[in-house]
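The values are calculated or read from the model by the stated rules, or taken from the named source; none is laboratory data. Please read these numbers as outputs of a predicted model, since none were measured by experiment. Neighbour counts run over all protein chains shown; Cβ positions are idealised from the backbone, glycine included.
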Amino acid sequence: MTSLPRRSILLPLSLAGLWSLWEFVNALVWWIKAKAKLPVIIHFTATDGLIGLAACGLLFVAYGAIRNRLGVRSLLIAALPLCFSFALVWHTVSMVVLWLLGWQKALSFSASNLLVAGGLNDGIMLALFSVLFFAFDYWLELGEQRQKAREATKFAHQAQLQMLRYQLNPHFLFNALNSIRAMILRDPERARQIVTELSEFLRYSLNGRGHESTVGEEMEAIENYLAIQRIRFEEKLAVTVRVDPAVQQFVLPCFLIHPLVENAVKYGMETSEPPLRLEIEVAARGQDLFIRVANSGRLSPPAAPAPGSTPNGTGTGLKNIAQRLELAFPGRHRFSLSEQGGWVQAEIVLQPAVKEGKP
């Protein structure tokens with residue numbers, strides 16, 4: 001339970017609405033049974049009802065203060081005495097105000113009037129509204145807790161996606177820097193071209209939208225990567241890229257496709273007869289996004305690095321892809337890696353969110 005000042009406006013609005021309904025029914029029953037004059041009923045009900053509403057509101061504020069300082073158990077123990085006390089004050093103040101306004105002929109401070117008509121009868125009414133308050137407040141708190149849990153899960157997923165993303169980037173950077181170093185003396189012009197392509201790739205990596213990007217942005221970064229590899233391998237690498245224009249704005253986690261392409265180049269070069277043929281396809285299949293990265297060669301699982309050595313490739317890439325897909329598209333994705341007919345194929349199928357139409 002949360003104290004009243006921290007609650008939404010739903011609590012006071014609900015209190016005022018239910019209290020007004022209660023007073024209206026009370027006045028209607030009084031008019032039908034007692035046949036009293038309507039102005040008298042209106043004056044008495046309005047005055048007594050407003051004072052009672054104020055007393056009930058202050059009672060709920062007291063609940064919040066006790067809850068914050070002493071806890072739920074103390075609140076439940078104090079509920080009945082508080083209802084009796086606030087009802088006694090409500091009845092006394094209402095009686096005095098009605099007498100001052102001339103709508104009540106005399107004041108009665110007898111024990112039966114104060115304790116029974118006031119503390120007991122009005123206390124029962126406050127107790128009933130207290131039960132409604134506790135139930136409604138508990139329901140609101142559950143909703144807030146669910147919302148906080150969803151937000152915490154979302155932030156945790158984003159943090160994990162970001163962590164996995166940064167596990168991928170250094171591998172490509174190391175490979176690109178090695179290529180630049182090998183080409184500086186042999187072919188300075190090509191080394192400058194690689195530096196240009198690398199800078200464009202890093203611009204995408206550092207200036208992107210955090211943990212998400214569009215298919216168009218991802219493919220632009222992959223083109224930078226492939227430009228570096230074409231310079232590096234020359235005629236040993238033949239690439240075909242097909243991207244459906246309709247999926248350019250589809251949102252997906254950053255660097256989701258890139259490790260598939262990097263794996264295809266690295267392990268394809270090790271297992272395929274030259275030239276290495278690489279095919280990249282991104283298309284729409286109904287409402288789904290279909291991603292296919294295929295290379296000539298054989299399926300060769302990455303070897304574990306020797307103890308103390310630095311990984312020389314994307315050995316963590318496929319595992320990270322599976323983890324990121326599970327985080328970003330839980331229950332809405334398929335990921336497969338297979339070898340058939342001299343080709344290794346990695347395929348991803350992403351299903352958009354039902355409400356938003358995109359991940």
Fill in the blank from the handout: Given the conditions (1) modelled with pLDDT under 90; (2) of a type outside the set (Lys, Arg); (3) within 31 Å of the chain's Cα centre (by Cα); (4) crowded, with 16+ Cβ neighbours inside 10 Å, every one holds for residue 350 apart from (1)
Exercise for the section: Taking the residues in region 86-125 that are over 52 Å from the mean Cα position of the chain (by Cα) and among the aromatic types (Phe, Trp, Tyr) as candidates, determine which candidate is nearest to residue 46 (Cα to Cα). Expected result: 103
Handout entry: Test: residue in region 269-289 that is surrounded by fewer than 18 Cβ atoms within 10 Å (Cβ to Cβ), of a type outside the set (D, E, K, R) and assigned to a strand (DSSP E or B)
Key = yes
Handout entry: Cβ pairs under 8 Å, 6+ apart, first in region 72-87 and buried (at least 20 other Cβ atoms within 10 Å of the Cβ), second charged (D, E, K, R)
Key = 75/67; 87/122
Exercise for the section: May I ask you to list pairs of residues, at least six apart or on different chains, whose Cβ atoms are under 9 Å apart, with the first in region 31-49 being within 19 Å of residue 129 (Cα to Cα) and the second being modelled with pLDDT under 70? Expected result: 45/30
Handout entry: Answer from 96, 89 - the residue that is under 15 Å from residue 54 (Cα atoms), assigned to a helix (DSSP H, G or I) and in the same structural domain as residue 39 (by TED's automatic domain parsing)
Key = 89
Practice task
With the checklist (1) surrounded by fewer than 16 Cβ atoms within 10 Å (Cβ to Cβ); (2) at pLDDT 85 or above; (3) closer than 20 Å to residue 343 by Cα in hand, flag the one item residue 300 doesn't pass.
Solution key: (2)
